[in-house]
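Participant: Please read through the structure below; I'll follow up with questions.
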Amino acid sequence: MLPFYPAINRLTREGALATLDYLNQLSRYGVAFRSYTEPYLDSCGAFKDAVIAILGTIARQERLRLSEWVRVGLERARRLGKRLGRPRAVFDREQARQLRTQGWSWGRIAQALGVSKAAVRRACQTPGRPSEVCQ
């Protein structure tokens with residue numbers, strides 16, 4: 001069998017059953033699992049199923065805990081009035097509209113104003129009618 005060496009949480013965080021399914025699939029292909037970072041974990045040993053099931057369950061709990069921490073952190077940031085997401089591009093939108101009516105291309109306007117083409121297109125949209133973009 002060919003060895004495969006990552007930590008078990010790099011293989012899956014889907015829980016014990018999924019971990020065992022993946023390891024069984026690897027085994028069918030002639031690949032054994034041995035972890036450098038977890039030397040007690042070896043898919044060739046007598047207790048492989050028990051150890052792998054326990055570690056798979058722990059990996060899943062770790063994933064759930066991490067997603068909970070992220071959710072709590074985002075809620076806290078919102079509560080503190082923080083603005084989430086990417087910062088908006090700051091540029092003269094009226095100038096973008098004027099350049100577009102003068103026949104400038106989206107790319108040329110974006111380059112001149114130091115923003116993306118998408119930002120220029122959004123700036124040129126008719127308020128209340130996003131499908132209408134200045135030509």
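Participant: Among Val72, Val120, what is the fewest-to-most ranking by other Cβ atoms within 10 Å?
Facilitator: With the fewest neighbours first, Val72, Val120 line up as Val72, Val120.
Participant: Provide the gained length on full extension for the span Ala18 to Arg108, in nm with one decimal, where the gain is 0.36 nm per separating residue minus the Cα-Cα distance.
Facilitator: 27.3 nm
Participant: Could you order the peptides 20-32, 78-90 from most to least packed, using the average number of other C-beta atoms within 10 Å per residue?
Facilitator: Top to bottom by mean Cβ count within 10 Å: 20-32, 78-90.
Participant: Could you give me the ³J(HN,Hα) list for the stretch 101-107, computed from phi with Karplus coefficients 6.51, -1.76, 1.60 and θ = phi - 60°, whole Hz, x at Gly and Pro?
Facilitator: Those phi angles translate into 5, 7, x, 5, 7, 4, x Hz.
Participant: Whose amide H sits under 5 Å from the amide H of Val31, counting only residues 5 or more places off or on another chain, with H placed in the peptide plane?
Facilitator: Leu2
Throughout, read-outs are computed from the coordinates displayed, never taken from laboratory work. Keep in mind it's a predicted model, so treat the numbers as computed, not measured. For neighbour counting, all protein chains shown are included, and Cβ atoms are generated from backbone atoms with ideal geometry for every residue, glycine included.
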